[in-house]
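A quick write-up on the structure given underneath.
The values are calculated or read from the model by the stated rules, or taken from the named source; none is laboratory data. Bear in mind that the values here come from a model prediction, so they are computed numbers and not experimental data. Using ideal geometry, Cβ is built from the backbone for each residue, glycine included, and neighbour counts are taken over all protein chains shown. Keep in mind that these areas ignore ligands, DNA and RNA; they rest on the heavy atoms of the full protein, side chains included. Shrake-Rupley method; radii C 1.70, N 1.55, O 1.52, S 1.80 Å.
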Amino acid sequence: MKYDNISEARFISRPNRFIAHVELDGEALVCHVKNTGRCRELLVPGARVLLQHSDNPRRKTAYDLVAVWKGGRLINMDAAAPNAVFGQWLEEGGLGFVPELIKPEYRHGDSRFDFYFEHEGRPCLAEVKGVTLEEDGVVRFPDAPTLRGVKHLHGLQRALAEGYKCYAVFVIQMRNVRYFQPAWDKHRDFGLALAEAAGAGVEVLALDCEVGPRSLRIAGRVPAVLTVPE
């Protein structure tokens, strides 16, 4: 995945989840934040951020905030990126095979899943989540309660019982992490639903990414630790 027209700026504040105030070349600007998650540990005053410029004259803001440095680690914050890079990875045989058919945004039951695909005639579903929450090399999801996320996991379990191969995919929007785990302190019910789904046979994939100022690609798998804390 490639980004064009990238500039480095300094984060000032985020008055709401859609916009941020930044300073670019000494000028104060309002930009769109391409991630509606809280990201409080990332967007701190003075943080170095990357902006992508848009030439679309109809936009209210000319820039999108797409990445941030946390210390020496560059973290992609584009909420659309995980689906894009997973789709590319899937097409290129990242799962060890190239699916015969891939359909994004597929409705099954009462949920819409990110991907439907087929392998050797078997239907498969994948739900993709982007991960930006990190501490001491451990990455976690979610950074806030997500009832929709719990619903997706229950839907994957039901599809599994119907004969589908199902994947819960966590695209870690950074590199060099130790392992992935649910953010039990943010939403315990999501962690319980993920552990239950994995126990039923849903495959949990945690995939880290090589992040550059102008690019993002899936690098490989990292361990997923789903042990339920007491």
### Message
Quick check: net charge around Gly220, other residues with Cβ under 11 Å of its Cβ, Lys/Arg +1 and Asp/Glu -1?
### Response
+1
## Note on the structure
Once phi for every residue in segment 144-150 is put through the Karplus expression 6.51 cos²θ - 1.76 cosθ + 1.60 (θ = phi - 60°), the whole-Hz ³J(HN,Hα) values, with Gly and Pro written as x, are 7, x, 9, 5, 5, x, 5
### Summary
So, with points 7 Å from each Cα along the Cβ direction, the Val44-Asp185 label distance in nm works out to 1.5
### Query
Just how many pairs of Lys in the chain have C-alpha atoms closer than 23 Å, counting pairs that are eight or more places apart or on different chains?
18
### Query
What length, rounded to one decimal in nm, is gained on full extension from Ala80 through to Asn56, with 0.36 nm per residue of separation minus their alpha-carbon distance?
6.8 nm
### Task
May I ask you to derive the relative contact order of segment 91-178, considering only C-alpha pairs under 8 Å and at least 6 residues apart, and to give it as an integer percent?
27
#### Entry: Residue-by-residue Karplus 3J(HN,Hα) for segment 53-69, coefficients 6.51, -1.76, 1.60, Hz, glycine and proline x
7, 10, 8, 5, x, 7, 6, 6, 10, 8, 10, 10, 8, 10, 7, 8, 8
### Query
For Rg and Dmax of the Cα atoms in Å, the choices are [x] 21.5, 67; [y] 18.1, 58; [z] 19.3, 62; which was calculated from the structure?
[y]
### Message
Taking the solvent-accessible surface of protein heavy atoms with a 1.4 Å probe, what is the per residue accessible area of the chain in Å²?
### Response
48
## Note on the structure
Using a 1.4 Å probe on heavy atoms of the protein chains only, the accessible area for Thr227 in Å², nearest 10, reads 110
### Message
Once you keep just the Cα pairs under 8 angstrom separated by 6 or more residues, what percentage relative contact order results for the chain?
### Response
16
### Task
Find out how many positive minus negative residues lie around Tyr179, taking Lys and Arg as positive, Asp and Glu as negative, among other residues whose Cβ is under 14 Å from that of Tyr179.
0
### Query
Using a 1.4 Å probe on the protein chains only, how many percent of the accessible area of segment 21-77 belongs to carbon and sulfur?
46
### Message
With +1 assigned to the C-beta of every Lys and Arg and -1 to the C-beta of every Asp and Glu, and no other charges, what is the dipole magnitude of the chain about the Cα centre in debye, to the nearest 20?
### Response
480
### Query
Taking the chain as a Gaussian network, Cα atoms linked when under 10 Å apart, which of Val138, Val204, Val66 shows the biggest mean-square fluctuation?
Val138
### Summary
For segment 102-230, averaging the sequence separation of alpha carbon pairs under 8 Å that lie six or more residues apart and dividing by its residue count, the contact order in percent is 23
### Carbon plus sulfur fraction of accessible area for segment 140-201, probe 1.4 Å, in percent
47
### Query
Under a 5 Å amide H to amide H cut-off, with H placed in plane at 1.01 Å, what residues pair with Val204 once short-range neighbours are removed?
Ala168
### Query
Which of the trypsin sites (Lys or Arg not before Pro) found in segment 6-67 are loop residues per DSSP with 13 or fewer other Cβ atoms within 10 Å of their Cβ?
Arg17, Arg40, Arg58, Arg59, Lys60
### Task
Would you grab the residues whose amide H sits under 5 Å from the one on Phe113? Only those 5+ places off in sequence or on another chain, please, with H modelled 1.01 Å from N.
Tyr106, Arg107, His108
